[in-house]
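Read-outs throughout are calculated quantities, based only on the coordinates presented, and are distinct from any laboratory measurement. Given the structure is predicted, the values throughout are model-derived calculations rather than measurements. Neighbour counts run over all protein chains shown; Cβ positions are idealised from the backbone, glycine included.
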Amino acid sequence: MRFFILSLLLVTSLQAAPQWIWLSKDGNKDNAVTFRHRFEVPQNAQLATLELTCDNGAVASLNGKKVLTNADWQEPVKADVTKDIKLGESNEIIVKATNKGGTAALVARLTLKLPDGRANIVIETSGKWEATTTGKEEWKPALVINEYGKGPWGLALDGKAGGGKNS
């Protein structure tokens, strides 16, 4: 079973990049959205780093502990969350996101380093995450708003905010 889960995590790491997600295409209607994603971490993970940004802002928790606050999508935030990860167990990221008008989206990436120094497991925002209006428990798959690098946000996690194509 653990080999199967590790294999799934490694397949996740093969994704080219995270995706920009939201509850719906209408960021004006859905201006307060909560996202969640559950995942398992191998027992031998040694370092965990979470980074995210959200148009317009977000607060992220990992296993019930607040770990990041993002006030401006053009200024992504990053934290070492190694001490907050449960090794060999189920983990949960919760992101409470807000939009102040116009297009809205969240992008996040959790990188786990393994002992061999080469292997990384990357958990990224995608349609596999769940979303609901903040304050409700009506979870459904998050909607992919755009691929990373597209839309008005560009490659924000890589220090290249804006400049993406609206397609």
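Scan segment 38-51 and tell me whether some residue there is of a type in the set (Val, Ile, Thr), crowded, with 19+ Cβ neighbours inside 10 Å and in a strand (DSSP E or B). No: zero hits. Only one of the numbered conditions (1) over 14 Å from the mean Cα position of the chain (by Cα); (2) closer than 25 Å to ASP26 by Cβ; (3) touching a residue at least 12 places away in the same chain (Cβ under 8 Å) is not met by ASP80, and that is (2). When VAL95 is tested against the conditions (1) surrounded by 15 or more Cβ atoms within 10 Å (Cβ to Cβ); (2) within 20 Å of GLY159 (Cβ to Cβ), the lone failure is (2).
Within segment 99-118, being over 21 Å from VAL67 (Cβ atoms) and either without any contact (Cβ under 8 Å) to a residue 60 or more places away in the chain or in contact with a strand residue (DSSP E or B) (Cβ under 6 Å, 6 or more places away or on another chain) (or both) holds for ALA104, ASP116, GLY117, ARG118.
The rows are residues; the columns are (1) among the hydrophobic types (A, V, I, L, M, F, W, C); (2) under 28 Å from PRO42 (Cβ atoms); (3) surrounded by fewer than 14 Cβ atoms within 10 Å (Cβ to Cβ); (4) out of contact with any helix residue (DSSP H, G or I) (no Cβ under 9 Å at 6 or more places or on another chain).
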position: ALA58; (1), (2), (3), (4): yes, yes, no, yes
position: LEU62; (1), (2), (3), (4): yes, yes, no, no
position: ASP72; (1), (2), (3), (4): no, no, yes, yes
position: VAL81; (1), (2), (3), (4): yes, yes, no, yes
position: ASP116; (1), (2), (3), (4): no, yes, yes, yes
position: ILE123; (1), (2), (3), (4): yes, yes, no, no
position: SER126; (1), (2), (3), (4): no, yes, no, no
position: VAL144; (1), (2), (3), (4): yes, yes, no, yes
